[in-house]
Structures are given as C-alpha cells and as structure tokens.
Ligand SMILES: Nc1ncnc2c1ncn2[C@@H]1O[C@H](COP(=O)(O)OP(=O)(O)O)[C@@H](O)[C@H]1O
Ligand SMILES: [Mg+2]
C-alpha cells in the first residue's frame, strides 16, 4: 500500500463537497477517479496533494502522515498536474526542468538535465525543447506539464484529466507512458478521467464519486452497467469488442 | 537521426543558457561604458584623460570635487536605484501574477514618498527649501527610510489584500494602485503647505525624483539594502519560476506560496522605500526593465532577475544622463524622462492584456 485515505471530509467555506472518503492505492496501480462534472474529483485530488486541507480525515503516504510533511517534502513524494495550467514564457526544457525543483538545493546538476532529456524523449517532446510554451498547441502544452510531473520522480502521480486536450494517438501515448512509469518504477498514479473507455483500457482500480462521496470502489468488477448508470444517470451497456471492454450509452 | 537529436538537447540547451549569460554580461559592459561617458558629460567640460587621472587619485582639487562629490555618486545612485526599482518590479509582477505591477503603478512608490515626507517635514529628520540646489536635505536617513517603508508597506498590504480577493483583474488592481498613488501624492503636497517655507522645488523632487540628491552615505545605505534584496530574490528564483505556472502548480512543486508572496512583497517594498527616501519617485523603471528582458530572455528567473536588474540600472543611468545633457546646463527631472519611456509601454501592455483575457 502506497497511499491510504481514511475519513476525509472537505468543504469550501461551509459548502460540503466531499464526505466519508476512504480508499487505498497500492504500488504499481493505475487508479482512476470517475464521476460527473462537479462531483468533487478535482477537489479530492487537491486534498491528496494538501493544496486543500481536509477538515477531517487522515492521508498516509508510504505510512507517513501527509499533513505533518512540509510542502517540499510533499512535492518530493507526490507529483501533481492541475486540470488547468498556464502557458508562460518558458522554454519546454526549462518548464520540465522545473519538475526537479523539489530536489534542487541551489543549482541544477547533470543528473537533473539528464532526467529532463530522458522524459522529453519518452513523450516525444525533444524537437520542441527550446520552444517557448506560449508558442505550443494545447495538446503539446498538456504533454509538457505531464513531463514535468514525471521529471519530479514522485512516489504517486496525481493527474487531473491529463488527456482532455489530446488527440486519440496522444491520449494513448500519454496514458501508456504513465502506465509504464507506474509499472517500472513501482509507483502509483491517481488519475481523474472523463473518458470511461480510456479508464477501462488503462486503469487497474476505479473510484466512482457521486453525491459528494464514494459510490463504488474496486477493480473491473465495479464497472457494471448498474453502477455506471447509477453514477452518471445514463443507461449503459458494457460490451466486449475485439476482447476489449467498452461502455456504450444506450 | 532521432537518436542524434536527443543526444544534442543538453548541448543546444547549454548553448542557449550561455547566450543568456552573454547578454547579461553585455548589458553590464554597456552600463560601465555609459558610466564612463556620463562622468565626462555635463556642464563642466572634462576630458576622458582628466577623468582617468582623477579616478586614479592624481588630479587637482576642482576636478576631484566635481568627479568624486558630484558625478560619481550621481552615476552610482542612478545605477543602484535602477537595479532596485527594476528587480522590485520584476518580482512584484511574478508574485502578484500581474504584468502591470511595479512599485510605481501600484502606488507603492507614492506611499513611500509620503512616508519620507512625513519624517522630513513633521518628524524633523530633514528640511525642505525652495531652491532646487537643496530642495530636500536629509539629516537622519534611517528615520526617513523607516518612515518611507511604513508608507510603502501600507500600500503593499492593500495590494496584497486585493490580490487575495477572488476575481480582481490585474487591470483593476492597477486602478486601485492609481487611486492609492494619487491619494499619497496629494497628501505629500498638502503636508508641504504646513511646512515653514513654500517649497516648489521639493514638490518636483517628490513627484519626479532627483538623482543628484544622493550623498555617499545615502548611497551606502541604498547599495546595502538593494544588494541584500537581490541576494534574497536570487535565492528564491526557483520559487518564482514555479509560481509563473500558476498558484496550484507552484504548490504542487513544493512552494509555500503565501509565505513567498508575503516576504517577497515585503523585501520589494523595502527596496522601493530606500530608493524613494533618497531620490524621490522615479516612475516606470520597474515596468520597462523586466518587460524588455522577459521579451529577450524569457521568463526564467535564474536569468530574468539579474538581467532585469542590470537593465534597470542601465535605463536609469541613460535617463539621468539624458536629463542632464539634453538642454544643458538645465537639468530635467529624471522621472519625466522615464515616464516618456514607460507610459507608452504601459498603454501597450494594457491594450494587449485586455485582448488576451
Ligand atoms: N474554489 C472553490 N470554491 C468554492 N467551490 C468550489 C471551488 N472549486 C470547486 N468548487 C465546487 O466544488 C464542487 C466540486 O468541484 P470539482 O472538485 O472541481 O469537481 P470535478 O472536478 O469533479 O468536476 C463543485 O460544485 C464546484 O462548484
Ligand atoms: Mg475537475
């Protein structure tokens, strides 16, 4: 077990958004968070990264209490990619190098540059490396912020709708890269997803959020037509196509 | 080929960072050359040879006085103040996530000027006169600086409060800055009417700045504070880079955003206060310097902080030299020159900003 969440509750001012959240994420797991717009998925992810502080509950990362760690210590353990991000006048290389920030003491080392080069290569960004972010397309920019989180070398990756701006090919490439990183480095990824079929393809575990709390949580067995219809309010069928499970709205 | 391209990234990246460092050195060199020119230029005709002899300590009395007591402190004050105002603007733009921010546009300079005026006129830390040669005389620089800092911080706290309020646009924040700035400027002028003399000359000092006012002692205080601030900002350069990507991204990268913002604004206000205490209000350097360098070098604060500093020093030295020489022997207020440079840029940023949002 790498991440353990228990009894988490969160309200914005006095408006409750999350209650009674309890789940565990294991090493090597691709963990998908699913639910309607406004269900609280992004809020949950921000709580996991202590950007927001839950009013009650505990979160343990590798058995350490997340809330006693400093921001920097949290950043060494968890890499976070927000749903929205800004394009700035940074080159792609410098923007990804920023992912090394939690590890940098005064200056960058050869190892930092090597890690960045490596990540850029994996995500097919090397040809853009000296291009400014404000000269990239939305999809290219999205790959840059994911590359930054990978360069951070976290124990758990937190990604908020990481493929929303990507075309089909890049959606698969990015999720495959995340999946491979999770397997090879024996870490975990907690990914908010809006595309159910992509979630079925890549995720090992699923957490369905509804009415501010967990509707269901588990492996493939929770992705039943009843559960999905219950969460999204749309009747669906789960079929197999070329031996791949797909969800079809009816 | 793909393999080759990958091999080359660090090398081309290193070449690219070396280019940035080269540009910074180039600006330092330009500033030094302009400084030498500025020592020569002015109403008392000097030759470069005479200047050199004087700096080496081998000249007669009159030259010694002109160069050591008038020209050199003036040039060093211009460079130091330019560095301070420009780096303060650079950091404020980042911390408030507002491209229009600077000590002058947010009203922080005006707040500092009011604080300094209170110390000089009401608290007896100096005196003001109606001749431009000794418009403002500071006897107790520490009291003046502290009082200016209180004025600057008062404005800064209002700005920080506005920054916390959701949905305040950069333009709205600058509007608030204009209001605060006008208020403090008006208060400064009213204060002078309660002083013993009618001091028209000192009003110019407070509204457009006067670099010739700095003594060696003032210069030492300015340089010490500006140097310490520069060091503090450089230590935090990675934090500022992270903040450029947005508040949540910065937190995700381990930045304690609230603390960095508060301390950064505090230090930037201190630099502004020290500069304004001794030289009066000099507008737009904190806007022009960082924006020029952001265009040329990009937003990476590892290079942007030193580059903006040097550019600010160069700009203010150039403005002051122009102010001294353009209608010599009359010396124009330096703030008038920097406003001619800064106001168009400000309007451009404003129009572009509205288009983008
Ligand atoms: N900063 C905020 N202040 C107040 N309410 C918020 C804030 N951010 C989100 N909310 C509200 O919290 C709920 C959950 O939002 P969010 O976590 O972003 O949902 P999701 O990511 O699942 O679409 C929504 O009703 C949203 O309006
Ligand atoms: Mg969301």
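The values are calculated or read from the model by the stated rules, or taken from the named source; none is laboratory data. The structure displayed is predicted, hence computed values, not measured ones. Because the Cβ atoms are built from the backbone with ideal geometry, glycine has one as well, and the counts that use them run over all protein chains shown.
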Whichever residue in region A:27-43 is within 15 Å of residue A:59 (Cβ to Cβ) and away from every other protein chain (no Cβ under 14 Å) and, among such residues, is farthest from ligand 2 (Cβ to nearest atom)
A:31
Looking at region A:36-56 only, could you name the residues that are more than 8 Å from ligand 1 (Cβ to nearest atom), in a loop (DSSP other than H, G, I, E, B) and in contact with a helix residue (DSSP H, G or I) (Cβ under 9 Å, 6 or more places away or on another chain)?
A:49, A:50, A:51, A:52, A:53, A:54
So is residue A:153 out of contact with any strand residue (DSSP E or B) (no Cβ under 7 Å at 6 or more places or on another chain), over 30 Å from residue A:66 (Cα atoms) and in contact (Cβ under 8 Å) with a residue 40 or more places away in the chain or not?
no
Contact list please: Cβ distance under 6 Å, first residue in region A:105-132 and touching a residue at least 40 places away in the same chain (Cβ under 8 Å), second residue in a helix (DSSP H, G or I), pairs at least six apart or on different chains.
A:122/A:177; A:123/A:143; A:123/A:147; A:131/A:92
Can you spot a residue in region A:193-206 that is within 14 Å of chain B (Cβ to nearest Cβ) and within 16 Å of ligand 2 (Cβ to nearest atom)?
no
Can you pull out the residues in region B:1-46 that are at pLDDT below 75 and more than 20 Å from residue B:76 (Cβ to Cβ)?
B:1, B:2, B:3, B:4, B:5, B:6, B:7, B:8, B:9, B:45
Identify, from the list A:29, A:24, the residue that is touching a helix residue (DSSP H, G or I) at 6+ places or on another chain (Cβ under 9 Å) and either at pLDDT 95 or above or within 16 Å of ligand 1 (Cβ to nearest atom) (or both).
A:29
Residue check, residue A:86 out of contact with any helix residue (DSSP H, G or I) (no Cβ under 7 Å at 6 or more places or on another chain), within 7 Å of another protein chain (Cβ to nearest Cβ) and either closer than 18 Å to residue A:102 by Cα or in a loop (DSSP other than H, G, I, E, B) (or both)
yes
Would you please name the residue that is farthest from the chain's Cα centre (by Cα), looking only at residues in region A:80-98 that are within 16 Å of ligand 2 (Cβ to nearest atom) and in contact (Cβ under 8 Å) with a residue 12 or more places away in the chain?
A:85
For the structure I just gave you, tell me whether residue B:211 is closer than 18 Å to residue B:282 by Cα and either without any contact (Cβ under 8 Å) to a residue 40 or more places away in the chain or within 14 Å of chain A (Cβ to nearest Cβ) (or both).
no
